[in-house]
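Chemist: Before anything else, here's the structure in question.
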């Protein structure tokens with residue numbers, strides 16, 4: 001435990017393994033070992049350790065099943081196994097709220113609207129003050145108008161003295177979405193503003209956006225990666241990564257959904273592999289990546305590709321659509337010089353507004369304030385201007401607004417760039433409801449192509465005037 005507190009996780013794992021070799025009947029130690037193995041990305045070992053904890057009679061076995069379910073769902077792309085684990089947890093403890101919450105989320109990921117709705121309602125029946133469940137249930141509701149009962153439920157929950165800042169953030173973002181959906185734009189913006197303020201208040205003190213620090217990071221990325229060698233450092237055997245990056249809420253999930261119409265393309269989702277490599281093998285990043293020897297690059301590329309092959313066996317391509325991988329494009333180019341990189345874009349005001357209305361992870365600290373979003377967006381554009389000069393024809397801009405205006409033309413251009421055979425069925429998004437989607441776009445991408453999100457910022461012209469000024473004169477895509 002001391003080694004873990006010092007951040008020396010590999011040594012902590014070794015210590016647990018030595019202990020358990022001598023005394024294998026210690027279920028809590030198996031559980032703690034599993035936690036560390038998951039943190040280091042050794043998911044099969046973590047699953048095995050949780051199984052040992054269960055076999056040796058750990059107290060509260062439903063929690064071990066829950067953690068196994070999260071690994072299967074979030075790390076191994078095995079939603080069927082995840083559901084089995086969550087149902088096993090609930091068989092042991094039908095009132096185990098975390099398992100119900102995760103099962104409802106899994107139903108959402110898989111596009112099972114009615115199952116998700118029923119599970120959230122079951123959860124609220126057990127715990128009426130489960131504000132997160134109410135917030136998620138609101139996202140599944142078709143809002144009839146300003147007098148819709150769901151809006152009243154959300155306002156009532158926001159006024160509940162038992163709601164903390166984190167609860168008010170979840171409820172406030174849900175209320176903003178509902179009000180936006182029924183055209184109550186000033187009220188929707190006010191709800192989003194209050195939700196962001198609550199999210200800031202609930203964030204750890206260390207989570208604050210430092211504009212100067214972020215500018216220094218962009219400066220250093222440009223300095224460390226002035227140009228990228230074009231010689232291959234690793235073979236191009238399957239599975240080949242297709243990188244999709246850009247600002248959050250810029251169309252990356254839609255882009256992945258289009259490409260994964262082909263059976264040879266596995267949708268990888270928001271993989272953690274590149275950031276993990278950057279901050280382990282190449283730490284401190286980016287400074288340590290300046291003079292990396294070829295053998296280390298080959299080792300890192302092989303590790304990345306092996307993980308893709310393990311999680312997505314048989315795939316010819318795997319999409320890695322973590323949006324903020326745009327911060328790591330210099331490293332990506334060194335690892336995979338022939339990789340295709342799709343940069344998703346949309347109208348800047350629409351993009352920033354969508355981020356402001358979304359309950360993002362608080363570690364994305366820029367997202368909690370409209371002025372900070374504007375600053376971050378300008379720095380993103382500055383960095384992408386550099387990557388465009390570095391990557392040349394290996395980087396393609398795929399614009400959401402152009403796509404909704406002419407879906408077939410833009411989709412064909414995307415497929416041609418990626419080297420993936422064109423498939424007319426890729427445009428029938430509504431027909432392809434299956435498959436897990438683990439982003440805020442979970443419901444949007446299951447609908448047909450629609451245009452109302454393009455130009456959404458016009459409804460908030462007065463509220464966005466400071467953002468318009470902040471973005472004036474920035475580098476264009």
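Chemist: Would you kindly identify the helices (runs of 4 or more DSSP H) lying entirely within the stretch 132-228 that contain at least 3 residues that are over 23 Å from residue 368 (Cα atoms)?
Modeler: The qualifying helices (runs of 4 or more DSSP H) are 149-158, 211-224.
Chemist: Additional query: Any chance you could count how many residues in the stretch 256-266 are in contact with a helix residue (DSSP H, G or I) (Cβ under 7 Å, 6 or more places away or on another chain) and modelled with pLDDT of 95 or more?
Modeler: 3
Chemist: Now, a different point. With the requirement that a residue be surrounded by fewer than 24 Cβ atoms within 10 Å (Cβ to Cβ) and within 27 Å of the chain's Cα centre (by Cα), what does the stretch 158-171 give you? Write out each step before concluding.
Modeler: Looking only at the stretch 158-171, we keep the residues that are surrounded by fewer than 24 Cβ atoms within 10 Å (Cβ to Cβ), and these are 158-168.
158, 163, 164, 165, 166, 167, 168 - these are the residues of the stretch 158-171 that are surrounded by fewer than 24 Cβ atoms within 10 Å (Cβ to Cβ) and within 27 Å of the chain's Cα centre (by Cα).
Chemist: Does the stretch 238-250 contain at least one residue that is out of contact with any helix residue (DSSP H, G or I) (no Cβ under 8 Å at 6 or more places or on another chain), surrounded by 23 or more Cβ atoms within 10 Å (Cβ to Cβ), outside any loop (DSSP other than H, G, I, E, B) and at pLDDT 95 or above?
Modeler: No, the conditions are met nowhere in the stretch 238-250.
Chemist: Can you tell me which residue in the stretch 118-150 is nearest to residue 191 (Cα to Cα), limited to those that are buried (at least 16 other Cβ atoms within 10 Å of the Cβ) and without any contact (Cβ under 8 Å) to a residue 24 or more places away in the chain?
Modeler: In the first step, residues of the stretch 118-150 are kept if they are buried (at least 16 other Cβ atoms within 10 Å of the Cβ); the result is 119-120, 122-124, 130-141, 143, 148, 150.
Now narrow it down to the ones that are without any contact (Cβ under 8 Å) to a residue 24 or more places away in the chain: 119-120, 122, 124, 137.
Details: 119: 26, 120: 23, 122: 27, 124: 23, 137: 18 Å.
Among those that are buried (at least 16 other Cβ atoms within 10 Å of the Cβ) and without any contact (Cβ under 8 Å) to a residue 24 or more places away in the chain, it is 137.
Chemist: Within the bounds of the stretch 420-438, is there any residue that is modelled with pLDDT under 90, surrounded by 21 or more Cβ atoms within 10 Å (Cβ to Cβ) and not in a helix (DSSP H, G or I)?
Modeler: Looking through the stretch 420-438, at least one residue is modelled with pLDDT under 90, surrounded by 21 or more Cβ atoms within 10 Å (Cβ to Cβ) and not in a helix (DSSP H, G or I).
Chemist: For residue 191, work out the one condition from (1) outside the structural domain of residue 282 (by TED's automatic domain parsing); (2) over 30 Å from residue 456 (Cα atoms); (3) in contact with a helix residue (DSSP H, G or I) (Cβ under 6 Å, 6 or more places away or on another chain) it doesn't fulfil.
Modeler: (2)
Chemist: Taking only the stretch 55-68 into account, find how many residues are without any contact (Cβ under 8 Å) to a residue 24 or more places away in the chain and buried (at least 17 other Cβ atoms within 10 Å of the Cβ).
Modeler: Qualifying residue count, the stretch 55-68: 1.
Chemist: Residues being over 20 Å from the mean Cα position of the chain (by Cα) and buried (at least 18 other Cβ atoms within 10 Å of the Cβ): count how many of those fall in the stretch 196-213.
Modeler: 1
Chemist: Let me ask something else about it. Which one is farthest from residue 14 (Cα to Cα), of the residues in the stretch 42-53 that are surrounded by fewer than 18 Cβ atoms within 10 Å (Cβ to Cβ) and over 25 Å from the mean Cα position of the chain (by Cα)? Break it down into steps so the answer makes sense when it comes.
Modeler: Taking the stretch 42-53 as the starting set, the residues that turn out to be surrounded by fewer than 18 Cβ atoms within 10 Å (Cβ to Cβ) are 42, 44-45, 48, 51.
In the following step, the residues that additionally are over 25 Å from the mean Cα position of the chain (by Cα) were identified as 48, 51.
Values: 48: 15, 51: 18 Å.
Ranking the qualifying residues of the stretch 42-53, first place goes to 51.
Chemist: Among the numbered criteria (1) assigned to a loop (DSSP other than H, G, I, E, B); (2) at pLDDT 95 or above; (3) over 18 Å from residue 356 (Cβ atoms), which single criterion is violated by residue 386?
Modeler: (1)
Chemist: Could you please let me know if residue 320 is in the same structural domain as residue 241 (by TED's automatic domain parsing) and under 13 Å from residue 241 (Cβ atoms)?
Modeler: Values: in the same structural domain as residue 241 (by TED's automatic domain parsing): yes; under 13 Å from residue 241 (Cβ atoms): yes.
In short, yes.
Chemist: Could you check how many residues of the stretch 76-95 are part of a loop (DSSP other than H, G, I, E, B), farther than 14 Å from residue 122 by Cβ and free of Cβ contacts under 8 Å to residues at least 60 places away in the same chain?
Modeler: Keep residues of the stretch 76-95 that are part of a loop (DSSP other than H, G, I, E, B), which gives 76-78, 93-95.
Filter again for farther than 14 Å from residue 122 by Cβ, leaving 76-78.
Add one more test, that the residue is free of Cβ contacts under 8 Å to residues at least 60 places away in the same chain, and what stays is 78.
Looking only at that region, the number is 1.
Chemist: Further question on the same structure: State all residues of the stretch 308-322 that are in a helix (DSSP H, G or I) and surrounded by fewer than 21 Cβ atoms within 10 Å (Cβ to Cβ); if no residue qualifies, say none. Walk me through it before giving the result.
Modeler: Restricting attention to the stretch 308-322, the residues satisfying the condition of being in a helix (DSSP H, G or I) are 308-311.
Matches in the stretch 308-322: 309, 310, 311.
The values are calculated or read from the model by the stated rules, or taken from the named source; none is laboratory data. Worth saying up front: this structure is predicted, and the values here are computed from it rather than measured. Methodologically, a virtual Cβ is constructed for each residue, glycine included, from the backbone with ideal geometry; neighbour enumeration extends over all protein chains shown.
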